[in-house]
Amino acid sequence: MWEDRRDRIDHDGPTTLWAQVVADIEADITTGVLSGGSRLPTELELAEIYGVARGTVRRAVADLAERSVVVVVHGRGTFVATSE
């Protein structure tokens, strides 16, 4: 499921890289590719998958967590929020 997604990121476009990562993950959640409780790869793995820096992924995950789209559990990982 988490194959190479470098082609989904436009490094030269006007949209920030972290916002593009956010949009891609949110699209997977909206379309049901990722369901509530699904675990996301680690920050390092996501950075490799998207071809961006780890800090870019960290900013994207922080944005998703701030809006309660994902839940970050220290020592366990990042999970898609459930509607419970």
Of (i) 24, 18, 11; (ii) 20, 13, 12; (iii) 81, 24, 17, which one was derived for semi-axes √(5λ) of the Cα gyration tensor in Å from the structure shown?
(ii)
Lys, Arg +1 and Asp, Glu -1 on Cβ, resulting dipole of the range 42-84 about Cα centre, debye, nearest 20
100
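Tell me the mean residue ellipticity at 222 nm calculated for the chain from its helices only (DSSP H runs of n ≥ 4, each -39500 (n - 2.57), averaged over every residue, nearest 500).
Rounded to the nearest 500, it is -13000 deg cm²/dmol.
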What are the trypsin sites (Lys or Arg not before Pro) within the range 48-79 that DSSP puts in a loop, where the Cβ has at most 15 other Cβ atoms within 10 Å?
R67, R76
Helix check for the chain. Which DSSP H runs span at least 15 Å along their own axis by Cα, with a mean Kyte-Doolittle hydropathy no less than -1.0?
17-30, 54-66
So if I place +1 on the C-beta of Lys and Arg and -1 on the C-beta of Asp and Glu, and nothing else carries charge, what would the dipole magnitude of the chain be about its Cα centre? I want it in debye, nearest 20.
280
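Where a number appears in this text, it was derived from the coordinates with a stated rule and is not lab data. Because the structure is predicted, anything quoted here is derived from the model rather than measured. Here the Cβ is made from the backbone with ideal geometry for all residues, glycine too, and neighbour counts use every protein chain on show.
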